[in-house]
Each structure stands twice: as C-alpha cells, then as structure tokens.
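Visitor: The structure's right below; bear with me while I get my questions together.
The values are calculated or read from the model by the stated rules, or taken from the named source; none is laboratory data. Quantities reported herein were computed from a predicted structural model and do not represent experimental measurements. We place every Cβ from the backbone using ideal geometry, glycine too, and count neighbours over all the protein chains shown. What goes into the accessible areas is simple: the full protein's heavy atoms, side chains included, and nothing from ligands, DNA or RNA. Shrake-Rupley method; radii C 1.70, N 1.55, O 1.52, S 1.80 Å.
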Amino acid sequence: MAKKTLSQSERVVKNDILRYKKNKLAGALALIGLVFNCLYFMILYALPHASFFNYEIGVSVLLTLILLLAVFLSSEAVKGYNKTYSIVLFVIAAFQIVRIFGYPLDGLNNNTLISSSDIYNNSVMFGYFGTYFESSEPVFTLMVVYLVLSAACLIASGVWGWIVAERLVKFQKGLDNGEIVIEDALKQLDAEDEAVKTATPVEVKTANQEVE
C-alpha cells in the first residue's frame, strides 16, 4: 500500500512543529558515534605494546578528549538545527577514518597488538572480554570496525542534521516573506477534516484510491 501523500497544509504544519522540538535523531546518531569511539580507545589504551607508552599516548589522550568534547557539543548543536556543526561532524568522521592508518595499521604490520614485555620483562598479553589473541589481525579488525561505525554514525548525524536544518531555514524564510501563513494552513486542515467527517464511505474510499 502506497504511503499517504501529505497535503500542502499538512506539510506546513509538520514543518512548523520543527520550530518547537529538537532534532533528536541527529543528536542520537552523533552520541552513538561517540560510543563507538569510546569502544575504540578502550582497546587502544589497553594494548600492551610498551613502545606506545611515551609522549605519543599523551598526545593521543589529548586528541581523544578534544574529539569527545567536540562530538558531544556537535550532538547538542545539530539537535538545535545548527548546520555548521554538521560540517564539524563530517570533519571528525574523516579524522576517524584517517586514524585507521595510524597506530592500528602500524600495530598490525609489526604484530604488536597482542603481546609485549613490560619493564620487568614479563610477558603481557592483550585480552578482550576474557579472550586472548594469538595474532594482531582480530584486534586490528575490532579497532577498524569501531572507527568505521563511529564515522558512519557521525556522517549520518551530519547529513540528517543538515537536511532538516535546511528544511527549517526554507520554512522560516517562507514565514518571514509572507509566502506561508500558519493560520491559513490550520484553517485548511480544519476544512479537510470536516470534509472527511461529512463525506460518505464511497467518497472516502475514492479519495484514498486517488492518493494511492
């Protein structure tokens, strides 16, 4: 069965509602992307490779904190229909993809994602939920999956945030220049509802068939 096509007055009212509610879907997608990023750095900072514990981890922690803050602020901004932060989310998503070619790929090439020796020359193995890996490939795969999922969610959030924000901007312009009048749309909706109430069953069926 075909989806019912909204009338002009219904579209006007639907767009008007955007002025009074948040874009929760865009905000939620950004936060989900944030969760996947947290899962990624939980693996990254649990890795046993001793050579990683130097100035690089300090830079990494700083970048992670900045990224977490940026994504959280962006999630709140896109909820409020701020298109600028959609671009911020696109940039962060690109950064997530670029991160794959940093330590995860280097760790895979050098097979350092599974074990190393600590300062006391004791063997240190990397475990994930009770599973200890014999090669770097599955650890690398997990890291890539989390980064890609994070990037995908951030892109989806940015795209949806941009689309709905643009729709609201166009609607507001229509209101400002007088092309759209909310009162007229509400009156038209009332007239349509009244017509449905007074219509015979045959007329209603015919109208539904025309919509389909």
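Visitor: Name the single residue, out of those in the stretch 1-33 being under 25 Å from ILE155 (Cβ atoms) and among the polar types (S, T, N, Q), that is modelled with the lowest pLDDT.
Guide: ASN15
Visitor: For the stretch 100-124, how many residues meet the condition of being open to solvent by 50 Å² or more (accessible area, probe 1.4 Å), of a type outside the set (Phe, Trp, Tyr), modelled with pLDDT of 55 or more and not in a helix (DSSP H, G or I)?
Guide: The total comes to 1.
Visitor: Taking the stated definitions as given, is SER157 touching a residue at least 24 places away in the same chain (Cβ under 8 Å), buried (at least 17 other Cβ atoms within 10 Å of the Cβ) and farther than 21 Å from LEU89 by Cβ?
Guide: no
Visitor: Does PHE36 meet the test of being buried (at least 17 other Cβ atoms within 10 Å of the Cβ) and either modelled with pLDDT under 90 or more than 22 Å from the chain's Cα centre (by Cα) (or both)?
Guide: no
Visitor: Next up: Applying the selection to the stretch 44-92, what residues are under 27 Å from PRO138 (Cα atoms) and either of a type in the set (Lys, Arg) or modelled with pLDDT of 85 or more (or both)?
Guide: LEU62, LEU63, THR64, LEU65, LEU67, LEU68, ILE92
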